[in-house]
Each structure stands twice: as C-alpha cells, then as structure tokens.
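The values are calculated or read from the model by the stated rules, or taken from the named source; none is laboratory data. As the structure is a computational prediction, the values presented were derived from the model and not from experiment. All Cβ positions, even for glycine, are placed from backbone atoms using ideal geometry, and neighbour counts span all protein chains on display.
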Amino acid sequence: MADEANRGLQGAREYITFRIGAHYYCVDIMSVREIRGWTPATVLPRAPGFILGVINLRGIVLPIVDLADRLGFAPAEPTARHVIIVTQTARQIIGLLVDAVSDIIAQPIESVQPTPDIGSEAAKSFVLGVMAMEDRMVSLIALDSVMPSAAGEAA
C-alpha cells in the first residue's frame, strides 16, 4: 500500500508555497536558500519601483523584490509580519518579499498545468504553470523573470 502511494510521487518536485494577499504562489524548493523575517532595505537611487532596496546577508548584497508589485498588484507596505524568501536564480541571488510562507508541498511534475492563455504574455513570463491544490490554485513563479535582464528590460 505504501509503495502505491509513493509511486505517484516518484516524479514529484517539492515547492515552497507562499501568499501575496489572497493569492498563492510557489517556487521550486531547490532554488530557495533560506527564509527570513523582514529587514528594512537600503534604497538604491533610480532602481525600478519593485526593488525595495538591498540588505546585507552575511556579506552578500541582496536585492529585495516586492513580488506583489512585480506581479502587478498593489505594492506591499512591509511590516514585521512579512517574509523574505532568499532565492538563487540562474543569474543571481535575490530576496522576494511575500506576505507569508504557507507550506512545503510535493507534487507530481505532471500536476503543473500550462499557464492559461489570457492574452497577456507578461503574465506567462512570470508564471511557469498552475497547480490545483485542495481549495486553491497555486501559480509556479518563473524566478528568472523576476529580475530585469542586464540588457535593460523595462520594469
């Protein structure tokens, strides 16, 4: 019986789910370096609006992205209840400001459905796919799209 239950998760990946407002998102757990409480950031002049600034993370200058703002929602007003998810992308280490971390989940790879065609390429660039979880939908964030490219992508 246990073998049957495990067989369904052999091609599974683990994700950290988090909340921004009433919406749920996740990132692959292999890209997460740590989760920490909100730390006020040093503002950088002329940085895109979704960059709250930088913090010192054990000698690393870590840019903090307001993920709500980057995804097109109202900018966050960080409080002690907010959380920074420190992630490693292909290009750099970034901190994602989110409202709260929810869970660590294991899902079969095939449970990630393609992002629906809603007429917005911008939406598809930030969301790799969507998973139906018990009572909610969880969008898988494309971490490499969160930060603008060095070539100067518009914010």
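For Gly53, the criteria (1) in contact with a helix residue (DSSP H, G or I) (Cβ under 8 Å, 6 or more places away or on another chain); (2) of a type in the set (Gly, Ala, Ser); (3) over 14 Å from Ala142 (Cα atoms) hold in every case but one, which is (1). Scanning the stretch 25-43 for residues that are part of a loop (DSSP other than H, G, I, E, B) and of a type outside the set (Gly, Ala, Ser) yields Trp38, Thr39, Pro40, Val43.
Among the residues examined, Ser111 does not qualify as modelled with pLDDT under 90, polar (S, T, N, Q) and over 24 Å from Met30 (Cβ atoms). Ala100 meets each of the listed conditions (1) modelled with pLDDT under 95; (2) touching a strand residue (DSSP E or B) at 6+ places or on another chain (Cβ under 8 Å); (3) closer than 19 Å to Tyr24 by Cβ apart from (1).
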